[in-house]
1. Any chance you could count how many residues in segment 110-143 are polar (S, T, N, Q) and within 22 Å of the chain's Cα centre (by Cα)?
2. Given the conditions (1) among the charged types (D, E, K, R); (2) within 19 Å of residue 121 (Cα to Cα); (3) open to solvent by less than 80 Å² (accessible area, probe 1.4 Å), and given that residue 91 satisfies all but one, which numbered condition is not satisfied?
3. Has segment 21-30 got at least one residue that is assigned to a strand (DSSP E or B), open to solvent by 70 Å² or more (accessible area, probe 1.4 Å) and over 24 Å from residue 104 (Cα atoms)?
4. Could you tell me which residue of segment 157-166 is nearest to the chain's Cα centre (by Cα), considering only residues that are open to solvent by 60 Å² or more (accessible area, probe 1.4 Å) and not aliphatic (A, V, I, L, M)?
5. Give me the strands (runs of 3 or more DSSP E) completely within segment 74-155, filtered to those with at least 2 residues that are hydroxyl-bearing (Ser, Thr, Tyr), ordered by residue number.
6. If I ask for residues that are under 22 Å from residue 105 (Cβ atoms), exposed (fewer than 14 other Cβ atoms within 10 Å of the Cβ) and either at pLDDT below 90 or not β-branched (Val, Ile, Thr) (or both), which ones from segment 136-156 would you list?
7. Which residue pairs have Cβ atoms under 8 Å apart, sit 6 or more places apart or on different chains, and have a first residue in segment 152-164 that is over 11 Å from residue 139 (Cα atoms) and touching a residue at least 12 places away in the same chain (Cβ under 8 Å) and a second that is open to solvent by less than 90 Å² (accessible area, probe 1.4 Å) and of a type in the set (A, V, I, L, M)?
8. Considering only segment 36-58, I want to know if a residue exists there that is on the phi < 0 side of the Ramachandran plot, open to solvent by less than 80 Å² (accessible area, probe 1.4 Å), in contact with a Cys (Cβ under 9 Å, 6 or more places away or on another chain) and not in a loop (DSSP other than H, G, I, E, B).
Amino acid sequence: KKSSAEIPLDVLDVPRSWCRPPLINKERLQNPYPKFCKSTSYVDCLVEKYKEYEENVLGLVQKVTMYEIDEDTEEKSVEMVVEHFKHREDRMTRRIIYHKVKKEVQEYEKGCKCLDGLAELTKIGDSKIIYKFHPNQRKDGMLSRTWTENCIFETYQNRDDFLISR
């Protein structure tokens, strides 16, 4: 008779589980929020989560609305909204909207040729727009462009004609 120390144990010889395997169908896996989105309310913010490949929301996966609470009247007013995106053609990853100062900031990943290497777009009211570009993504070497009501100011790097700004 062989002792238990002499019998080799094969790791793959595991007895079958007495539990049933979990059943997760493809539709349930792709739709984690059956009611279009999942909303969670906190004292000073609201968090909304969306499924990644929803066509109706254009790549929006999370939206956080932050409120400013007036201490006297206890009324909530929207202070800012932060939206996170995935799988967009224009490669926008985040948009921040500041309601009090009327400012909007959009951030983009590298790689979208339709936007010429745009990294960040900032709109301040109706009077000022600031474009910031990823370094070495544009052929003309532009780093930023600022539009105001009166002028356009551009900054450059690594140009053959040594132009820095105009």
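The values are calculated or read from the model by the stated rules, or taken from the named source; none is laboratory data. In this text, all values refer to a predicted model and were calculated from it rather than measured experimentally. A quick note on method: Cβ atoms are made from the backbone with ideal geometry, for glycine too, and the neighbour counts reach across all protein chains shown. To get the accessible areas, we keep the full protein, side chains included, count just its heavy atoms, and leave off ligands, DNA and RNA. Shrake-Rupley method; radii C 1.70, N 1.55, O 1.52, S 1.80 Å.
1. Start the filter on segment 110-143 by keeping residues that are polar (S, T, N, Q), which leaves 122, 127, 136-137.
After this cut, where a residue has to be within 22 Å of the chain's Cα centre (by Cα) as well, the list is 122, 137.
Total meeting the criteria: 2.
2. Single failed check for residue 91: (3).
3. First, the residues of segment 21-30 that are assigned to a strand (DSSP E or B): none.
There is no residue in segment 21-30 that is assigned to a strand (DSSP E or B), open to solvent by 70 Å² or more (accessible area, probe 1.4 Å) and over 24 Å from residue 104 (Cα atoms).
4. Pass one, segment 157-166, residues open to solvent by 60 Å² or more (accessible area, probe 1.4 Å): 158-162, 164, 166.
Remaining after also requiring not aliphatic (A, V, I, L, M): 158-162, 166.
Values: 158: 30, 159: 32, 160: 36, 161: 37, 162: 36, 166: 33 Å.
Ranking the qualifying residues of segment 157-166, first place goes to 158.
5. On the way: elements: 76-85, 92-98, 103-108, 118-124, 128-133, 142-147.
Answer list for segment 74-155: 92-98, 142-147.
6. Hits for segment 136-156 are 149, 151, 153.
7. 154/142; 155/142; 155/143
8. Looking for residues that are on the phi < 0 side of the Ramachandran plot, open to solvent by less than 80 Å² (accessible area, probe 1.4 Å), in contact with a Cys (Cβ under 9 Å, 6 or more places away or on another chain) and not in a loop (DSSP other than H, G, I, E, B), one finds at least one in segment 36-58, hence yes.
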